[in-house]
Structure formats: C-alpha cells, structure tokens
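These notes concern the structure reproduced below.
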C-alpha cells in the first residue's frame, strides 16, 4: 500500500518522493527507464495528472515529482502512482498494491 501525502491548494512544495520497491522490498533498478507520475480521481476515476517523474537514484529506485501550481488547484483526495516503462518495453506500476493517497487541502 502507498502512503498518504498532503499538500495545500496552490502549493508546489513539498515534492512527492518515493522508493519504488520490488516484491522482496529492494529498490528497483531504473537505469534507462521512463517514469511517469499519475494522479487519478478516486475509485478508478479519470487520470488528471500524467507527467514525467524525476529519477533521483536509478540504482535504488528513488523517484520524485515536482508539482505545478495548477496540479493542486482542486481540493480533495486522489490516488497517485508511479508508472515505469523499462527499456524492454514492459510496464510496471508502483505501488504494486493500492496507491498513494494524495490529499489537497486548503
């Protein structure tokens, strides 16, 4: 399961950062991979953010997303995931079970 991340409406900090882990709990290797940050409306709703994420440590699986001011305009609770496309073309979504909860507050 993911964690809960809170940010105030209109803010661009703090950035959301995560360690993408495999089934054994080790950070996944991201060398050459494309990583995107996606935010969804609750309960399987539409994707409202689909932007590139920054790979901080490609050996340890550390990624982050820097918010744009327009990303945090709408108050509410959302689901967020990091989607990795590896060099082989395979796609994996993190967290593997559930999603990160993103709460945009006043």
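Derivation of every value follows stated rules applied to the coordinates shown; laboratory data play no part. All values derive from a computational prediction rather than experimental measurement. Cβ atoms come from the backbone with ideal geometry, glycine included; neighbour counts cover every protein chain shown.
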Exercise. GNM, the chain, Cα, under 10 Å: largest mean-square fluctuation among 33, 60, 24?
Worked result: 24
For this session: Give the order of 56, 48, 7 when sorted by the count of other beta carbons within 10 angstrom, beginning with the fewest.
Result: 48, 56, 7
Exercise. If you compute percent of Cα pairs over 21 Å apart for the structure shown, which of [x] 34; [y] 31; [z] 39 do you land on?
Worked result: [y]
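Stretched out fully, how many nm does the piece from residue 97 to residue 4 gain, at 0.36 nm a residue minus the Cα gap? All intermediate terms of the calculation are to be shown ahead of the outcome.
Values: separation 93, 0.36 × 93 = 33.48 nm, distance 1.42 nm.
That works out to 32.1 nm of additional length.
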For this session: Once you have the Cα-Cα distance between residue 75 and residue 19, take 0.36 nm times their residue separation minus that, and quote the gain in nm to one decimal.
Result: 17.6 nm
Problem set entry | DSSP bridge orientation in the range 4-105 - percent antiparallel, rounded to nearest 5 | 85
Exercise. If each residue's Cβ is checked for other Cβ atoms within 10 Å, how do 20, 75 rank with the fewest at the top?
Worked result: 75, 20
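Please state the relative contact order of the chain as a whole percent: Cα pairs under 8 Å, 6+ residues apart? Could the numbers behind the result be given before it?
Values: 243 pairs, mean separation 41.1, N = 106.
Relative contact order, the chain: 39 percent.
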